[in-house]
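A quick write-up on the structure given underneath.
The values are calculated or read from the model by the stated rules, or taken from the named source; none is laboratory data. From a predicted model like this one, the values you see are computed outputs, not experimental measurements. Here the Cβ is made from the backbone with ideal geometry for all residues, glycine too, and neighbour counts use every protein chain on show.
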Amino acid sequence: MMVSAEHIRHYLLLSGGLDSTALAGRLVEQHGASTVAAVTFLYGQKHAVELEAARAVAAFYGLAQHQVVEIPPIRGSALTEQDMPLPQGRDLKAVQGVAPSYVPARNLLFLALLASMADVAGPATLWLGVHHDDHTGYPDCRPEFVAAADEAVRLGTQYELRVEAPFVTWRKEDIIRWGLAHGVPFHLTHSCYRGENPACGVCDTCQARLAAFAAAGAQDPRPYAVGRS
């Protein structure tokens, strides 16, 4: 586990994806890199290549710390189970219910571990890059979850830590627009659930990312095997 420096006041869950990278940029812009620590969890995900993206993002912003924490694999998700195929080529607008790529209580677990790390040094805020487009498929990305997690973390820590998710009402295209206006290094990020480079272009997250860039009137700087118009 990480021993926190006293000057660190912001702890970011950094996956190496688009959303958490934009949030890293927002935190550095608002609070300064010397106050921000990032944590990346390895939990048996098929797209562990995102770890390299997270390292690149942390280095780009000069974050005070970047800790990689490996935990036992989280079961029951197409992201972690080798015998559960990842959906591809779906019409995401027609999809209902919890996504096959939902990892059971992942954000709850991550926030609990992050709170334990951060509560060593002093008052701090835990930051989560969840957004509006994930509300349906991912229960731990909803505003109600964020509010409940904030209250639980506040009550359960000696320094009354807080949980913030500033993008929770934003669409992915809004995050992209903000990021492009603020120099976020989207070229360093990785989203493909299959862990491929070039990205596959057909898994749910590749499709969502490509659609969001199109809606934002921009081209994704990452290469894709298929999927570009």
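Restricting to region 35-64, name every residue that is at pLDDT 95 or above and polar (S, T, N, Q).
Correct list: Thr35, Thr40.
If you take the residues in region 158-185 that are touching a helix residue (DSSP H, G or I) at 6+ places or on another chain (Cβ under 6 Å) and over 24 Å from Phe145 (Cα atoms), which one is surrounded by the most Cβ atoms within 10 Å (Cβ to Cβ)?
Top of the filtered list is Val184.
Of the residues that sit in region 140-165 and are touching a strand residue (DSSP E or B) at 6+ places or on another chain (Cβ under 9 Å) and either among the acidic types (Asp, Glu) or assigned to a loop (DSSP other than H, G, I, E, B) (or both), which one is nearest to Tyr102 (Cα to Cα)?
Of everything passing the filter in region 140-165, Ala165 is nearest to Tyr102 (Cα to Cα).
Please find, within region 27-49, the residue that is nearest to Gly183 (Cα to Cα) out of those that are out of contact with any strand residue (DSSP E or B) (no Cβ under 8 Å at 6 or more places or on another chain) and assigned to a helix (DSSP H, G or I).
Glu29
Yes or no, residue by residue, for (1) under 22 Å from Val163 (Cβ atoms); (2) surrounded by 20 or more Cβ atoms within 10 Å (Cβ to Cβ):
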position: Ala78; (1), (2): no, yes
position: Gln96; (1), (2): no, no
position: Tyr102; (1), (2): yes, no
position: Leu109; (1), (2): yes, no
position: Ser116; (1), (2): yes, no
position: Ala121; (1), (2): yes, no
position: Trp127; (1), (2): yes, yes
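Of all residues in region 71-88, how many are of a type in the set (A, V, I, L, M) and more than 19 Å from Cys200 (Cβ to Cβ)?
Within region 71-88, residues that are of a type in the set (A, V, I, L, M) and more than 19 Å from Cys200 (Cβ to Cβ) number 2.
Scan region 68-88 and tell me whether some residue there is among the polar types (S, T, N, Q) and within 21 Å of Arg171 (Cα to Cα).
The answer is no; no qualifying residue exists.
Among the listed residues Gly137, Gly129, Gly97, Gly183, identify the single one that is assigned to a loop (DSSP other than H, G, I, E, B) and in contact with an Asp or Glu (Cβ under 6 Å, 6 or more places away or on another chain).
Being assigned to a loop (DSSP other than H, G, I, E, B) and in contact with an Asp or Glu (Cβ under 6 Å, 6 or more places away or on another chain) holds for just one of Gly137, Gly129, Gly97, Gly183, which is Gly129.
Restricting the search to region 22-76, which residues are β-branched (Val, Ile, Thr), touching a residue at least 40 places away in the same chain (Cβ under 8 Å) and touching a Ser or Thr at 6+ places or on another chain (Cβ under 6 Å)?
The answer is Val57, and nothing else.
Of all residues in region 1-26 being closer than 23 Å to Ala181 by Cβ and touching a Pro at 6+ places or on another chain (Cβ under 9 Å), which is surrounded by the most Cβ atoms within 10 Å (Cβ to Cβ)?
Thr21
Listed residues Glu81, Glu29; which is farther than 23 Å from Ser101 by Cβ and among the charged types (D, E, K, R)?
Of Glu81, Glu29, the one residue that is farther than 23 Å from Ser101 by Cβ and among the charged types (D, E, K, R) is Glu29.
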